[in-house]
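The structure under discussion appears below in the form of structure tokens.
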Amino acid sequence: MPRAVYVLALGIFAMVTSEFVVAGLMPQMAEGLDATIPEIGYLITAFAAAMALGGPFLTVAVLNMRQKSALILLFGIFLTGNVLAATAPDYRTMLVARVLTGIASQAFFGVSISLASRITRPEVRGRAVAVALNGLMLGTLLGLPFATVVGEHLGWRAAFWAITVLTVLAAAATLAGVPSADGESQENGSLREELGAFRSPRLWLVLTTSTFVIGATFSAFSYLNPILTDLTGFSTGTVPLLLVAYGAATLIGNTVVGRLADRRTLPVLVAGLALNLAFLVGFALLAELPVPAVVFMLGIGLVGVTMNPALVTRVQRAGNARPLVNTVHSSFITLGIIIATSVGGPAIDAFGLRAPLWIGSGLALLGLFSLLPDVLRRRSAAGAPDAAAAGTADTTAAPGEAATAPQPVP
């Protein structure tokens, strides 16, 4: 695996830590910015909305740049947003800072995943994406607790300064460890060529699957704390340990899925969604029992957000491995998070704390239905005379993808 893929994971780790930091420091930030807790909550929504809506436009702006240069520019924008957050004198300034960092982080994800795919051999792209996305898993496992501890002991502004330092280190590592490929900007293609991929109806269906997969997972994850304390009966001191265990489960699942994503893309997604549906339903039914609740929670960690490497592989084969497709895919993933969090809150008010788990179950079921066309197409191909060729459908590149196939880095 090229060293650069691990460097990209460090950059993603910095971005994800910044994304989650507000959730861990709501009371301190509300006091420091003279705002209410719900207003601080809107900063999370603003970050997610900026990612989903603004990220693709920023990606378009850097299309004609070499991807390494684009990453450094995006680091600069992200760094500016974090410094603005650390020094924000009022709520409005903080809101601008969160929008700025949200847009930059989404574009960074798209360019990073594209670059990780480009600099590795086609047969190990899924593993490369999994390694890069370990930055996302570690952001959940380590980044959020680290930022929260710093904020609680040194003040919430110190947490943003710590993320700023981490961003500088990640940018320096990118300068030193990510190669600059000759002719790379030309390979990205013009805006018309990039947009051409979105003429495929199948690509839109594939993107929708990602929304359902991540929405199903975050319906549960977003409300784990109150579910585990108010329904299951764990103490507030125990929940952080359970969340660390959940984060460890995501690391394990991401590694396993990454190794299977290239050759078993569709079976992995079908199995993962089916298991996630079972875990969500089980959690909803038995949330008041500690042992089953923990088992189902860890199961969701193993087969939820960890489907990302297979989702990315499927999207790249339906479209291409270029930055804009990857960024739009990230926007559809973020849309799943927005749906889960925006629907889950009102559902809790109306039906109780089990409601998000049932919502997640419904989204997982919709995800399974969205896979049906590919499942049926694969069965049909397997019954054709050239079944041997069809049997390798999971590893066949999408039309036009060969032109973007990565070259191994010496």
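The values are calculated or read from the model by the stated rules, or taken from the named source; none is laboratory data. Quick caveat, the model's predicted, so the values are computed rather than measured. A quick note on method: Cβ atoms are made from the backbone with ideal geometry, for glycine too, and the neighbour counts reach across all protein chains shown. We work out accessible area using only protein heavy atoms, side chains counted, and drop any ligands, DNA or RNA first. Shrake-Rupley method; radii C 1.70, N 1.55, O 1.52, S 1.80 Å.
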Practice problem: Please give the helices (runs of 4 or more DSSP H) falling wholly within segment 247-362 in which 2 or more residues are touching a residue at least 24 places away in the same chain (Cβ under 8 Å), within 30 Å of VAL62 (Cβ to Cβ) and open to solvent by 10 Å² or more (accessible area, probe 1.4 Å). | Solution: 308-318, 323-351
Quiz item: Of LEU277, LEU231, which residue is out of contact with any helix residue (DSSP H, G or I) (no Cβ under 6 Å at 6 or more places or on another chain) and not charged (D, E, K, R)?
Solution: LEU231
Quiz item: Within the bounds of segment 120-136, is there any residue that is among the basic types (Lys, Arg) and in contact with a Ser or Thr (Cβ under 7 Å, 6 or more places away or on another chain)?
Solution: yes
Quiz item: For residues in segment 1-35 being closer than 30 Å to GLY177 by Cβ and not in a helix (DSSP H, G or I), which is least open to solvent (accessible area, probe 1.4 Å)?
Solution: PRO2
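Quick one: which of ALA52, ALA107 is buried (at least 21 other Cβ atoms within 10 Å of the Cβ) and at pLDDT 90 or above? Spell out the reasoning first.
Working: ALA52 fails: at pLDDT 90 or above.
Answer to the check: ALA107.
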Quiz item: Out of VAL165, VAL206, which single residue is under 30 Å from ASP374 (Cα atoms) and either modelled with pLDDT under 95 or in a helix (DSSP H, G or I) (or both)?
Solution: VAL206
